[in-house]
Amino acid sequence: MKNQHTETEVLFQKMGNRWYVFTEINNEFFYSPLPEGVDPRTTKLEMCQVIEEHMSKVINHSRRQAEPSAA
């Protein structure tokens, strides 16, 4: 299995009591709330991989919902 590394810039923004992560990939804008209790200012770097995997799931889910269903 080949390991692929992709660098993507992300923005963390706190709204209310919740942190959100925003990113842009291929001119598409994606965002997602971080798990409750996660603060990007104090979270260890190991969490970055978890966030990357989470955003990949968000992106794949968004793309599946945008695809027209076959009739």
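The values are calculated or read from the model by the stated rules, or taken from the named source; none is laboratory data. The shown structure was predicted, so the numbers you read here are calculated from the model rather than taken from an experiment. Positions of Cβ are generated from backbone atoms using ideal geometry, with glycine treated the same way; all protein chains shown enter the neighbour counts.
Observations, loosely collected:
- Selection count, segment 1-11, where residues are under 16 Å from E53 (Cβ atoms) and either at pLDDT 85 or above or not charged (D, E, K, R) (or both): 7
- Scanning segment 17-39 for residues being of a type in the set (S, T, N, Q) and either under 14 Å from H54 (Cβ atoms) or in a strand (DSSP E or B) (or both) gives a total of 2.
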